[in-house]
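The structure under discussion appears below in the form of structure tokens.
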Amino acid sequence: ATPAASAAGRHPLMRILIRTSKWAIWARRVGALALPLAVIALLLHRGHIITSENFMVIEGIALVLAVLTLLMALVAFVRLWFTGDQGWWRATIAFVFGVLCLAPGAYFGYLYLKQPGAADVSTDFGDPPALVSFVEARFVTPDQRARIEAEFPNARSRNYPVAAPDMFDAVASLVDDRGWDVRLTRKPTGELDSGELNAVVTTLLGFREEVAIRVTGAADGSTVAMRSTSLSNFPDFGENGARIEAFLLDLDNQVTDMLRNAAPAQQSDNG
């Protein structure tokens, strides 16, 4: 035998196997289940394919799995640091899955603590615009009303020097621009008549809220009252009040443009 062969025989080559952390493996598996479960449930709820009750149950399961994923990933990181096993990539992916699944929940939790919502917001609490959806009667206490008015100072009925039919057209145009699902529309037939428009809005999480807008004609113009109501018991995170404020501010701008454009036309006619 050659010296090299003798040396190989005396010192056989040995392969050192590096294990893959089971914590990292299972963390990635659980995370790969939690994130799609949360996303698919959200898409199905926004498409009104599953009920809100089923959506909440599925999302609850997904959040529990996401918490479990984060814990398992953290344990995997610690064990990998001390043992030198493989699995850093798997544990990192699992951690990212868990964060992506829990981040929206943390964000909405922050909104809930920062800005408590109101299930029913109206610019006219004494005579709110009527709804077409069935909603259990909600009594707004004086304290709740004061809080809503302080939280949303621009959610007030508007008086415009515009005839009711023209005002209703402006309102309907803004509703159409927002893509809301119109359920009822009744345009004023004259300057002293009143009209109504009701539409359903789907929130980011797939919950539905109804918007009711009333245009009331008067001798000097028209009054626009608006209402936004949650059709479920899920917190609205202040979205009802914010929706009214945003809509009415856009309506203010649109009426301003209407009046500005009408002024040169009147001057031309007089001339």
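The values are calculated or read from the model by the stated rules, or taken from the named source; none is laboratory data. Keep in mind the model is a prediction, meaning the values are calculated, not measured. In this analysis, Cβ positions are derived from the backbone assuming ideal geometry, glycine residues included, and neighbour counts consider all displayed protein chains. The accessibility values were calculated without ligands, DNA or RNA, using every heavy atom of the protein model including side chains. Shrake-Rupley method; radii C 1.70, N 1.55, O 1.52, S 1.80 Å.
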Could you tell me which of the residues 196, 191, 210, 245 is touching a residue at least 60 places away in the same chain (Cβ under 8 Å), open to solvent by 10 Å² or more (accessible area, probe 1.4 Å), charged (D, E, K, R) and in contact with a strand residue (DSSP E or B) (Cβ under 7 Å, 6 or more places away or on another chain)?
196
Conditions (1) of a type in the set (S, T, N, Q); (2) at pLDDT below 95; (3) within 40 Å of the chain's Cα centre (by Cα) -> residue 2 fails only (3)
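From 112, 107, grab the single residue that is out of contact with any helix residue (DSSP H, G or I) (no Cβ under 8 Å at 6 or more places or on another chain), open to solvent by 90 Å² or more (accessible area, probe 1.4 Å), of a type outside the set (Gly, Ala, Ser) and touching a residue at least 40 places away in the same chain (Cβ under 8 Å). Give the derivation first.
Working: 107 fails: touching a residue at least 40 places away in the same chain (Cβ under 8 Å).
The unique qualifying residue is 112.
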Is it true that some residue in the range 154-176 is open to solvent by 80 Å² or more (accessible area, probe 1.4 Å), part of a loop (DSSP other than H, G, I, E, B) and touching a Ser or Thr at 6+ places or on another chain (Cβ under 6 Å)?
yes
Could you give every pair whose Cβ atoms fall below 6 Å, whose first residue belongs to the range 42-66 and is without any contact (Cβ under 8 Å) to a residue 12 or more places away in the chain and outside any helix (DSSP H, G or I), and whose second residue is open to solvent by 50 Å² or more (accessible area, probe 1.4 Å) and not polar (S, T, N, Q), counting only separations of at least 6 or pairs across chains?
50/44
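How many residues does the range 146-177 contain that are charged (D, E, K, R), touching a residue at least 60 places away in the same chain (Cβ under 8 Å) and under 17 Å from residue 255 (Cβ atoms)?
3
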